[in-house]
Amino acid sequence: PKKEAVKEVKDPVKQEAPTETAFVSEENIDKDSRAGRAIAYLKPILESLGCTNISIKVAEKETSAIIDLEGEGLGVIIGHRGETLDSLQYLAGLAANTGGGYYKVSLNIGDYRQKREETLKTLATRICDQVLKSGKCRTLEPMNPYERRIIHTTVQTIDGVTSASFGEGVDRRVVIG
């Protein structure tokens, strides 16, 4: 019965990723471009953290870039639940935006973002099942806006449950009821 309750909803999270943009090696990126400035900012940080044999590929659009990192020792860059990766992504975005305007930089290591998204969707589905069985609300751990959006989008596809965000700043969390 629960599988029948799932609605067909377009997933806005998946639509963010470029579908037709090809990844190119960092050597093919202009050093003065926004993506080039983000890479130039990241390289010394990665080296000082002991990451070796790093391969950097970039998928660039007009107002955004996805920087994909591969190499040895990159687990330290991801950090606990992606917190270090998110912080580096934010700083790389600041480096890319020094010329004004807004340019979104997204960092990814070993498909971490896709794996985390699947984990969060599974979590949301499991919590929704628990809420439907017990009738009691469940509060999740604090999450960043990107992760909360994945939870909310997944909850919207299941009949009988709703979600809302409560709290401020880093303590903002999702409640499913």
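Before moving on, here are some points about what is shown:
- Among the candidates 119, 98, 125, 139, the residue that is modelled with pLDDT under 90 and either within 16 Å of the chain's Cα centre (by Cα) or open to solvent by 30 Å² or more (accessible area, probe 1.4 Å) (or both) is uniquely 98.
- Positions within region 129-146 being of a type in the set (Val, Ile, Thr) and more than 13 Å from residue 160 (Cβ to Cβ), in sequence order: 139
- Number of the condition not met by residue 107 [criteria: (1) open to solvent by less than 60 Å² (accessible area, probe 1.4 Å); (2) farther than 22 Å from residue 29 by Cβ; (3) at pLDDT 90 or above]: (2)
- Positions within region 71-80 being under 17 Å from the mean Cα position of the chain (by Cα) and either polar (S, T, N, Q) or surrounded by fewer than 15 Cβ atoms within 10 Å (Cβ to Cβ) (or both), in sequence order: 75, 76, 79, 80
- The test for being surrounded by 14 or more Cβ atoms within 10 Å (Cβ to Cβ) and either free of Cβ contacts under 8 Å to residues at least 40 places away in the same chain or assigned to a loop (DSSP other than H, G, I, E, B) (or both) holds for residue 151.
- The residues of region 19-59 that are over 18 Å from residue 88 (Cβ atoms), open to solvent by 40 Å² or more (accessible area, probe 1.4 Å) and not small (Gly, Ala, Ser), listed by number, are 19, 20, 23, 24, 27, 28, 30, 31, 32, 53.
- Among the residues examined, residue 76 does not qualify as closer than 27 Å to residue 171 by Cα, among the β-branched types (Val, Ile, Thr) and in contact with a Phe, Trp or Tyr (Cβ under 9 Å, 6 or more places away or on another chain).
The values are calculated or read from the model by the stated rules, or taken from the named source; none is laboratory data. Computed from a predicted structure; not experimentally measured. Neighbour counts are summed over all protein chains in view; Cβ atoms, including those assigned to glycine, are modelled from backbone coordinates with ideal geometry. Protein only, heavy atoms only, side chains kept; ligands, DNA and RNA dropped before computing areas. Shrake-Rupley method; radii C 1.70, N 1.55, O 1.52, S 1.80 Å.
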